[in-house]
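Single-structure report; data block below.
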Amino acid sequence: MVGFKAVYLLGRSNVGKSALIRALTGKRILSGRRPGVTKRPSCVESGVIRYVDMPGFGFMSGVSRRFSEAAKTGIVRHLERNKEAIDLALLVLDAKAFLQICSRWEARNEVPVDIEFHDFLAELGIPTLVVANKIDKVQDVDATLDAIGDRLGYLPPWRQWRDTILPVSAKTGQGIPDLRYAISRRLGLL
Ligand code: GDP
């Protein structure tokens, strides 16, 4: 353990956490692909960084609400217990779907789970980058990032938060060098 900097990836299932680890490190992560298969946190090491892929939170198709709640509680407990050992969190969002999902939750008077996790990480004192993945699927990038940032408490324009809000595409590689740089900076490696 000693010597590694731990970077945790958190986000809903299917936002692209595994794809992102592959884009950042060139290494493939092995995980259960069926919905409802609780992935143990799986790790990939690259230089002095240990990337930890956490199980996806939120509701997944084919999985009961109770199971999703239990998975969320498991992640919350894990973060509470390990907060001292977590150097940085990447809160990974699907830039295309995020706003729509937020509106759905807010219409039910519920706090979207991504926002809940964002605030929880701040409460625990874990430094966090907001990674807006799948940016290749977004048409109006600035307006979308302004709106995403706004939902999470970063006053628009998003560009004033460029060291915290990172638009990327794990698929095309867009934004990956900037993300790598932001991670290294936050870890004090530069
Ligand atoms: P995870 O459940 O969060 O680990 O998500 P995965 O890494 O398994 O990705 C879920 C799906 O999204 C896969 O079909 C990926 O190919 C796709 N995906 C991941 N990143 C991107 C991206 O940046 N752009 C697009 N268009 N698709 C992506």
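Overall size of the stretch 5-186 from C-alpha positions, given as principal axis extents largest first: 44, 37, 30 Å. FRET efficiency for the pair residue 147 and residue 45, taken as 1/(1 + (r/R0)^6) with r the Cβ-Cβ distance and R0 = 41 Å, rounds to 0.70. Simple spin-label estimate for residue 116 and residue 140 gives 3.0 nm between the two label positions (7 Å along the Cα-to-Cβ direction from each Cα). Remark: spin-label model distance residue 67-residue 14 equals 1.4 nm, labels positioned 7 Å along the Cα→Cβ axis. Looking only at the chain, where both bridge partners belong to it, what percent of the DSSP beta bridges are antiparallel (to the nearest 5)? In the chain, DSSP labels about 20 percent of beta bridges as antiparallel.
For the stretch 5-186, the fraction of 1.4 Å probe accessible surface lying on carbon and sulfur atoms is 48 percent. Pairs from the table (5/96; 27/83; 72/137; 17/83; 5/27) lying more than 22 angstrom apart at Cα are 5/96; 27/83; 72/137.
The values are calculated or read from the model by the stated rules, or taken from the named source; none is laboratory data. Just so we're clear, the structure is a prediction, and the values are computed from it rather than from any experiment. Positions of Cβ are backbone-derived with ideal geometry, glycine not excepted, and every protein chain shown enters the neighbour counts. The accessibility values were calculated without ligands, DNA or RNA, using every heavy atom of the protein model including side chains. Shrake-Rupley method; radii C 1.70, N 1.55, O 1.52, S 1.80 Å.
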